[in-house]
Amino acid sequence: MNVKYYYRPLLSVMLASLILACTDGGKRLLDDGTSGMCDTVYIHDTLGGNANGEYVYNLPCKVVNIHQEKEGKSLLFIWLHGGVKDRTMHDLFEMNHLDCCAADDSVLNYLHEKDMKAIALFPICHKAEKSNCVAWRDCYNDVMRTIRDLVDKGLVDRKRIYLAGSSDGGTGTWDFLQISEQVFAAAMPMSCGNPKRATVPVYFFNTQAEPDCTSQVQSLNKQGSNITYKHSSAKWHGRDDIEVTHDFLDRFFSNIKK
């Protein structure tokens, strides 16, 4: 998709008010004529006020709205990108890096073709340029605030929130599950190692470039975890997207929280 990303660290009340007035509550509509796949594509800025009345963009991200003409609430799919460690802000905004794993595109195509009403959230780990913030867990509160906002506004079905990520985003997926797995109906960490305990359904893939985690997953499942694991035949880091087929996604999105 031909979508631009941007980050504005701090705005005054006047400027924030102007942006809110012009962009429908912090959402800036882009005309993405190259896609044809999704109904609308937004750049979304989560705005939070502080004691001085100033606003901060907490979470720069891409938001893709799919089949919003349908009745009812949307399912929410969250994708955590890789390359968080040792990356500057400028590097993180390079599209060739954010698109290094095609699994997210496979999910978007699936949701569209299956005629499912969905919101796909692609946050950017904007704290990655700070030496003391080198993991997705440092953006956890920002991501969760956005999820809560979408649920509170009645846009998203709280029983159908799905989390996925590749490489450092896969590690971030495991980290998020450790903090609040009860939020998610299912999760899909990819191209990473070090699986962790999780009782929600987790579908874990990695490639020949990562260690085989079969014994770790077996041990975790004996302790009550619910992890389905495949050490993919793909040779290269990030190429386990070959596992994200329509048949697999049928199983993944069939998970609904009770």
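Figures for the structure shown
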quantity: Relative packing of 112-123, 199-210, 220-231, which averages over residues the other C-beta atoms within 10 Å, highest first; calculated: 199-210, 112-123, 220-231
quantity: Counted charge near Asn255, where neighbours are those whose Cβ lies closer than 14 Å (Asp, Glu -1; Lys, Arg +1); calculated: +3
quantity: Space enclosed by the convex hull of the alpha-carbon atoms of region 164-238, per residue, Å³; calculated: 67
quantity: Tail beyond 15 Å, pair distance distribution of region 130-213 (Cα, percent); calculated: 58
quantity: Table column - 3J(HN,Hα) (Hz), region 235-244, Karplus curve with 6.51, -1.76, 1.60, x for Gly and Pro; calculated: 7, 9, 4, x, 9, 6, 4, 4, 7, 8
quantity: 5 angstrom amide H check on Gly165, placed H, neighbours 5+ away; calculated: Leu80, Met188, Met190
quantity: Residue pairs, from the table Lys62/Lys230; Lys62/Lys235; Lys196/Lys230; Lys62/Lys257; Lys196/Lys222, whose Cα atoms sit over 22 Å apart; calculated: Lys62/Lys230; Lys62/Lys235; Lys62/Lys257
quantity: Neighbour net charge for Asp152 - beta-carbon separation under 11 angstrom, K R +1, D E -1; calculated: +3
quantity: Alpha carbon convex hull of region 96-253, projected area averaged over orientations, nm²; calculated: 9.6
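Computed from the coordinates by the stated procedures, all read-outs in this text should not be read as laboratory data. The model shown is predicted, which means the values in this text are computed figures rather than measured ones. Here the Cβ is made from the backbone with ideal geometry for all residues, glycine too, and neighbour counts use every protein chain on show.
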